[in-house]
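Here is the structure we will look at.
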Amino acid sequence: MFRRRPIVAILALAPFVSALTGAAGAATTGLLVPHRAVYDLELKDASERSGIAGMYGRMVYEFNGSPCEGYTVSFRFVTQVDNGEGVRLSDQQTTTYEDLKGRNFRFLTRTFTDEALDKEVRGSAHDGPDGVKVDLSAPEKREVSLADGLFPTAHMMAVIDRAKKGERFFEQRIFDGSDAGDKTLLTTTTIGARTAPKGDDAEASKADELATAAYWPVTIAYFDDKSSGDSLPIYRMTFKLYENGVTRDLTMDYGDFVLSGRLTDLELFKQESCE
């Protein structure tokens with residue numbers, strides 16, 4: 001089952017935000033730009049065990065906010081899955097709010113199958129001195145105490161910061177409210193050397209003013225927090241990350257199947273300054 005981390009990575013590809021005069025300036029100064037990105041999805045590979053004969057869809061990711069007001073993400077992931085006997089429509093809709101200063105995080109995810117609501121997860125979390133405290137209101141009311149970890153935007157701030165410093169690998173525990181919203185995940189991040197797009201990179205032209213900007217190839221692997229030894233990741237994401245937080249050329253590896261996501265449309269929003 002799809003989990004929403006792709007753009008959270010991308011998703012939370014939301015680091016430093018400031019007043020922007022344009023994406024080109026953001027690309028060179030390393031500031032995050034609020035934006036709306038659309039990705040076309042298709043099945044890249046699938047094992048017999050996956051039960052997937054075909055799969056395609058679309059992902060829409062919208063990021064807004066500022067350091068003073070906090071950051072919001074609206075994320076929708078729609079796929080049609082052919083299991084060889086029929087086609088199922090899956091629609092996952094997620095909204096989050098993250099306050100970096102107060103270290104607060106709110107999340108809501110609704111998952112629909114063939115337009116019928118399958119699952120709703122709603123809650124809030126706070127990162128305090130004793131770890132992450134989660135207050136869930138759906139699917140049932142309960143409180144959960146977890147080990148210390150970063151929320152998605154703070155995590156991706158760390159990714160970009162380390163990339164700028166030339167660091168190539170680091171590990172971090174995160175909480176993003178995925179699944180039942182009651183656990184953290186361990187991540188390992190690998191960052192490649194900053195790279196300029198090649199002339200035959202057709203997808204780069206979809207990145208608007210970023211078409212000629214350099215990016216970092218990034219891979220983030222997510223592990224169960226209770227994993228030990230040489231356990232396999234729950235899934236792995238690979239993408240090209242710009243200094244301003246925009247991503248493209250996604251590969252989402254869930255073990256039994258792999259999806260690719262190609263950027264097809266990018267709209268850059270004006271960032272309001274904090275006063």
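The values are calculated or read from the model by the stated rules, or taken from the named source; none is laboratory data. Computed from a predicted structure; not experimentally measured. Every residue, glycine among them, receives a Cβ derived from its backbone with ideal geometry; neighbour counts consider all protein chains shown.
A few points about this structure:
- Whichever residue in the range 44-72 is under 17 Å from the mean Cα position of the chain (by Cα) and of a type in the set (V, I, T) and, among such residues, is nearest to E267 (Cα to Cα): V60
- Residue match in the range 13-36 (condition: within 23 Å of Y235 (Cα to Cα), at pLDDT 85 or above and touching a Lys or Arg at 6+ places or on another chain (Cβ under 9 Å)): no
- Set side by side, the residues T153, T111 differ, and just one is closer than 27 Å to R236 by Cβ and assigned to a strand (DSSP E or B), which is T111.
- Selection within the range 114-130 - farther than 30 Å from C68 by Cα and part of a strand (DSSP E or B): A116, L117, D118, K119
- Close pairs (6 angstrom Cβ cut-off, 6 or more residues apart or separate chains): within 12 Å of F175 (Cβ to Cβ) in the range 131-157, part of a helix (DSSP H, G or I) and at pLDDT below 95 anywhere: P152/V8
- Options R88, R103; residue that is out of contact with any Phe, Trp or Tyr (no Cβ under 9 Å at 6 or more places or on another chain) and of a type in the set (D, E, K, R): R88
- Among residues of the range 138-179 being over 17 Å from the mean Cα position of the chain (by Cα) and among the aromatic types (F, W, Y), the one that is modelled with the lowest pLDDT is F170.
- Exactly one residue among D135, D91 is in a strand (DSSP E or B), within 30 Å of E48 (Cβ to Cβ), of a type in the set (D, E, K, R) and modelled with pLDDT of 95 or more, and that residue is D91.
- Residues that are within 13 Å of the chain's Cα centre (by Cα) and either of a type outside the set (V, I, T) or surrounded by fewer than 17 Cβ atoms within 10 Å (Cβ to Cβ) (or both) within the range 73-92 comprise S74, F75, R76, F77, listed in sequence order.
- Elements of type strands (runs of 3 or more DSSP E) contained in the range 180-263, each with 3 or more residues being at pLDDT 90 or above, buried (at least 19 other Cβ atoms within 10 Å of the Cβ) and of a type in the set (A, V, I, L, M, F, W, C): 185-191, 216-224, 235-241
- Scanning the range 51-72 for residues that are in contact (Cβ under 8 Å) with a residue 60 or more places away in the chain, closer than 18 Å to G261 by Cα and assigned to a strand (DSSP E or B) yields M55, M59, F63.
- Set D135, D99: member being surrounded by 14 or more Cβ atoms within 10 Å (Cβ to Cβ) and either under 18 Å from the mean Cα position of the chain (by Cα) or among the β-branched types (V, I, T) (or both): D99
- Selection of the range 210-231 for residues being farther than 27 Å from K165 by Cβ and in contact with a strand residue (DSSP E or B) (Cβ under 8 Å, 6 or more places away or on another chain) yields D224, S227, S231.
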